[in-house]
Structure formats: structure tokens, C-alpha cells
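Please treat every number below as a calculation from the coordinates, not as lab data. Worth saying up front: this structure is predicted, and the values here are computed from it rather than measured. Heads up, the Cβs are rebuilt from the backbone with ideal geometry, glycines too, and the neighbour counts pull from every protein chain shown.
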Amino acid sequence: MAGILNAIILGIIQGITEWLPVSSKGNVTAVGQFMGMPTQSAFGFAILLHIGTLIAAAIYFRKEIIQLLELKDRKLLKFIATTLVFTGITAVPCYFLLKKILEQETIQILGIAIYSQTIFLLLLGFFLLVTGLLQKKAKKSKENAEANLSGKNAAFLGLGQGFTVLPGMSRSGTTVSIMLFEKFSPEQAFRLSFIISVPAVILGELSFNLLEAPQITIEAIIGIIAAAIVGFASIHALLKIARKINFSKFCIALGIIYLAIATATIAMPFIA
């Protein structure tokens, strides 16, 4: 498990990257690995840190959430509910596939034994490239200030969000990209993406705790607090930045770096 200083650092990374389309979960897990944490422990810690940014998002979007709870916007509530249902369709099998990979110390691929940590970096790099390409293409979509909160749009959004269980698939980057494809304006896409994150993370955390029963340590609590404080302090500014900057190049570059590290790790025994 992470030490207190490492927990704070990981919490800060979560608090900043949750609002940017660069996969907070994947990057927090990768940094945790570099700190010496086992891959599965780092991944579980990254999921727990989402509680912190969940708190930050719930406070920041409290007015919208209260309106939904009071059933003042039933159309939006139905859209979000449909999205969550379809999220489960892809999220559940992706989660168990990833869990199976992380539980194994090594995996045989083409007769070569590869450590699960390296597999994780390969997945992270690959899906960061996918996220970057999605963002690059979505930027070319035309905007529509009154995008349709239809069941079809909600279904596609939910299916896409479910895949973000995989490392490197940014939840915010994927959902915003899909909504831009569906002709939502950037302002709509970003706000709706983070409003949806609140119930999505709640359900995800409940599922994770029921399946894994993770131990809540003092390090985890400190990391969650750090993620909540930094997340709330940075959400407004980072949402503005995310709307203006094309993160596709950053995601692609980061993906290439992770792929290079993983490839070098695989090739090292053959070179030595």
C-alpha cells in the first residue's frame, strides 16, 4: 500500500487529471507502479481515489444534482439513467477481463512471459492512443447548442463510458468525444460529462467495494482527502482549459511513451 506521502501525491494527480481527458485512473495506477506498488493494489487505490473527486464534483455541481433529485428536469434524468444502464453492459465484462489480467504475475503471449505490470502499460499506452484519436476526430464535429437527449444518444454514451474501465480510456475524454460526435456543444458535453460522473462513480465504487472489499487505510483516507481538495480547487480552471486545448496530441504522446516503456521492458531480457 502507498505511504502517506505517496498517497498525497497520487491524490493530487487524481484531483487534477480527473477533469482532463487523459485517463486519471490509468495514470494514477502507472505512477503507483513506479512508486513500487503492485499493479492490482495501484489499480484498486486509483479507484478509491475517485471518491475524492466524486465529492468535489458533487459539491461543484450541487445545483444541477439537486434539480435532478427534485425531478425538475425529467428528460435529463431519463437520459442519465439510460446512460448508466448501458454503461454496465460494457463495464462489467471489461472489469472482469482486466481483473483477470492483473491477478496473474505473468502472461504468456507468443511464447513470451510478460509481467502483468508490462501488460498494464501496454494497455494504458494503446488506449491513450485510442482516446487521443477519438478527441482529434471529435474536434471536427459540428456543434449544436440544442443536442438531442435521446435514448439512442444515451445508449451510445453509456456503452462508450463502460469501456473506460480499461486503463488509458479516459472517462471524461471518451464521454465528451462521444457527445461531440452526437452534436452536443463543448459546453454541454463537458458539464454533462461531469454531472454523469457523480452517479457513475457512486455505482462503480459500490460495485468495487462489493466485489473487492478493499481495506480503507489511513493512506487511502488521506489520498481521498487530497483528491477532493485539489479536485474542487482545480475543477473550474481545468474545465476551462479542457474546453480550449486540444488534448489529442498530449494523449497520443503519452500513449507512445507508455508503449515505449513497455516495449523496452519486454525487449530487455533479449538484449541483455
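Data table
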{"read-out": "Tabulated pairs, region 67-81, first farther than 16 Å from residue 197 by Cβ, second assigned to a helix (DSSP H, G or I) and of a type outside the set (S, T, N, Q), C-beta under 7 angstrom, 6+ apart or interchain", "value": "71/77"}
{"read-out": "Residues of region 160-189 satisfying the condition of being over 14 Å from the mean Cα position of the chain (by Cα) and either crowded, with 22+ Cβ neighbours inside 10 Å or part of a helix (DSSP H, G or I) (or both)", "value": "178, 179, 180, 181, 184, 186, 187, 188, 189"}
{"read-out": "Selection count where residues are within 14 Å of residue 119 (Cβ to Cβ) and not hydroxyl-bearing (Ser, Thr, Tyr), scope region 250-267", "value": "4"}
